[in-house]
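Only one structure is covered here, and it is reproduced in the block below.
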């Protein structure tokens with residue numbers, strides 16, 4: 001009886017230790033076939049939603065798990081993670097005082113953590129790897145680990161970070177997209193059949209989410225650093 005009670009006690013203690021080590025877990029699922037396509041010509045611009053032929057940038061899941069003092073970000077796509085210099089993947093996990101983000105492009109990954117406070121700041125890096133349909137980055141936690149903003153996106157460009165011509169993108173969740181097609185029925189074919197919201201008269205393009213250009217700038221700097229390292 002004492003041996004049995006001892007085993008039960010060990011199981012309870014192990015369960016308590018495991019439950020305490022997992023501080024937080026977040027999972028965000030994203031539907032397939034929700035990739036956007038942007039084109040811009042002399043006659044006007046066009047957004048096309050529900051593009052189904054871009055599985056390699058079609059995000060299906062984003063997850064974050066805090067285990068002890070480690071944060072792990074994981075991004076999955078419907079196809080295969082590509083190593084092209086024209087395709088980039090991003091994931092963000094923002095807490096109350098710290099921003100954690102990872103990227104993958106041109107066969108290399110980058111991960112950074114930035115904590116800001118009134119007295120200064122703290123910085124850290126992450127370890128990024130990619131295999132099959134998954135990118136993973138692990139960080140040492142440097143600040144608060146409670147998520148207040150959690151999202152990802154993947155983009156494929158005709159020329160890296162050139163958003164003036166043709167490019168494709170997927171955002172998870174979808175409300176992070178820089179533009180949402182009109183759902184009132186004005187889009188040709190409707191949102192679920194790959195329709196377009198087309199400004200054939202060449203007027204003002206649709207609004208973008210605040211800070212989108214800044215995100216692209218950060219992306220351009222990160223890709224430039226990766227390319228420089230590759231050439232060295």
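Since every read-out is calculated from the coordinates, none of them should be taken as a lab result. Not measured: the values here are computed from a predicted model. Cβ: placed from backbone, ideal geometry, glycine included. Neighbour counts: every protein chain shown.
If R₀ is 22 angstrom, what is the calculated FRET efficiency for the pair residue 114 and residue 149, using the beta carbon separation as r and rounding to 0.05? All intermediate terms of the calculation are to be shown ahead of the outcome.
Numbers: r = 14 Å, r/R0 = 0.62.
Efficiency computed from Cβ-Cβ geometry: 0.95.
By what distance, in whole Å, do the Cα atoms of region 101-151 stretch along each of the three principal axes, largest value first?
Extents along the principal axes: 41, 19, 15 Å.
For region 31-116, compute the orientation-averaged projected area of the C-alpha convex hull (one quarter of its surface), in nm². It would help to have the intermediate numbers written out before the result.
On the way: hull surface 31.7 nm².
The number I arrive at for region 31-116 is 7.9 nm².
By counting other Cβ atoms within 10 Å of each Cβ, how are 153, 92, 49 ranked from fewest to most? Present the calculation step by step, with values, prior to reporting the outcome.
On the way: 153 23, 92 20, 49 26.
Result, fewest neighbours first: 92, 153, 49.
Over every pair of different alpha-carbon atoms in region 57-178, take the mean of 1/r and invert it; report that Kirkwood radius in Å. All intermediate terms of the calculation are to be shown ahead of the outcome.
Numbers: mean 1/r = 0.0677 Å⁻¹.
Result for region 57-178 stands at 14.8 Å.
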